[in-house]
Amino acid sequence: MYRNTIFIGGIHGVGKGAICSEIKKEIDLEHLSASDVLKWSEVSPDPTNKFVKDIPDTQQRLITGLQRLIHPTQMYILDGHFCLFDWNGKVNPVPVETFIQISPILLSVVVCDAAIVAERLHARDNKKYDTLIIEKMQKIELEHAQLVAGKLNVDLIEVESNPTELINKINSL
């Protein structure tokens, strides 16, 4: 793929969409959501479902969708995940190969207090979430983001709530 995508990852409910909206206000980018690109609604009819039955299949769907959507003259921000829950509720890192195929020019990982994430998810999905599981997933998400950045030799910017550093980095690309 073209090197014109910034990947913004984070666990469910961490605020990736809000961060992407803030970035889009400042910079002329196309915002894509991995779940929209891979058509999660076709994979799981329940939009509150966070468990992925076939991670390799969903990642292939993502890559295929991106290949259809990405144009060489446009810049993109793609929000998605560095880790996913498998069908058994176990946290699984997204294969590095997925990120190699996406070929991002910059990576970011959004982090947030687990209690706040649990509240957001409860409000969004009307389900209770264990903050210890959220903390564990966020730790694995951050560690895998660091590993992916190292493998791809791409900068990684951690964002908690203020995307100023990320916006400045994007503007310098």
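The values are calculated or read from the model by the stated rules, or taken from the named source; none is laboratory data. This structure is a prediction, so every number in the text was calculated from the model and none was measured. Cβ placement follows ideal geometry from the backbone for every residue including glycine, while neighbour counts extend to all protein chains displayed. The protein model used for the area step is the full one, side chains on, heavy atoms only, and it has no ligands, DNA or RNA in it. Shrake-Rupley method; radii C 1.70, N 1.55, O 1.52, S 1.80 Å.
So, with +1 on the Cβ of K and R and -1 on the Cβ of D and E, and no other charges, what is the size of the charge dipole of segment 112-152 about its Cα centre, to the nearest 20 debye?
120
If you plug the beta carbon distance of ASN153 and THR131 into 1/(1 + (r/R0)^6) with R0 = 35 Å, you get a FRET efficiency near 0.55.
Between ASP54 and MET75, full extension at 0.36 nm per residue minus the direct alpha carbon distance yields a gain of 4.6 nm. Amide H to amide H distances under 5 Å link ILE77 with ILE6, GLU30, HIS31, LEU32, where only residues 5 or more positions off or on other chains count and H is placed in the peptide plane. Run the accessible area of segment 48-146 with a 1.4 Å probe and give the carbon-and-sulfur part as a rounded percent. C and S fraction of accessible area: 55 percent.
Adding -39500 (n - 2.57) for every DSSP H run of four residues or longer, then dividing by how many residues the chain holds, sets the calculated 222 nm ellipticity at -14500 deg cm²/dmol.
Only protein heavy atoms count here; on that basis, with a 1.4 Å probe, SER172 has an accessible area of about 80 Å².
DSSP beta bridges fully contained in segment 14-173 are about 25 percent antiparallel.
Only protein heavy atoms count here; on that basis, with a 1.4 Å probe, LEU62 has an accessible area of about 10 Å². In this label model, ALA115 and SER161 are separated by 1.3 nm, measuring between points 7 Å along each Cα→Cβ vector. Of ILE167, ILE140, ILE23, the order by accessible heavy-atom surface (1.4 Å probe, DNA, RNA and ligands excluded), from most exposed downward, is ILE140, ILE167, ILE23.
Ignoring ligands, DNA and RNA, how do TRP40, TRP87 rank by accessible area with a 1.4 Å probe, largest first?
TRP87, TRP40
Once backbone amide H atoms are built at 1.01 Å from N, ILE157 has LEU107, SER108, VAL109 as its partners under 5 Å, excluding neighbours fewer than 5 places away on the same chain.
In order along segment 111-126, the phi-based Karplus estimate (6.51 cos²θ - 1.76 cosθ + 1.60, θ = phi - 60°) of 3J(HN,Hα) comes to 10, 7, 4, 4, 5, 5, 4, 4, 5, 4, 5, 4, 5, 7, 9, 6 Hz; Gly and Pro are listed as x. Taking amide H atoms as placed 1.01 Å from N in the peptide plane, the amide H of VAL52 lies under 5 Å from those of PHE85, ASP86, TRP87, each 5 or more residues away in sequence or on another chain. Among the listed pairs LYS25/LYS53; LYS53/LYS151; LYS90/LYS169; LYS39/LYS139, those with a Cα-Cα distance over 32 Å are LYS25/LYS53; LYS90/LYS169. Between MET1 and ILE27, full extension at 0.36 nm per residue minus the direct alpha carbon distance yields a gain of 7.2 nm. Using a probe of 1.4 angstrom and keeping all protein chains present, the accessible surface of the chain works out to 52 square angstrom per residue. Dipole of the chain computed with +1 at Lys/Arg Cβ and -1 at Asp/Glu Cβ about the Cα centre; of GLN74, LEU156, ASN88, farthest Cα towards the positive end is ASN88.
Which of these values of semi-axes √(5λ) of the Cα gyration tensor in Å was calculated from the structure shown: (1) 63, 18, 12; (2) 28, 20, 15; (3) 23, 19, 15? Checking each listed value against the structure points to (3).
Quick check for you: which residues of segment 1-18 have the amide N under 18 Å from the point 7 Å beyond the Cα of GLN67 toward its beta carbon? Residues passing the 18 Å test: 1-5.
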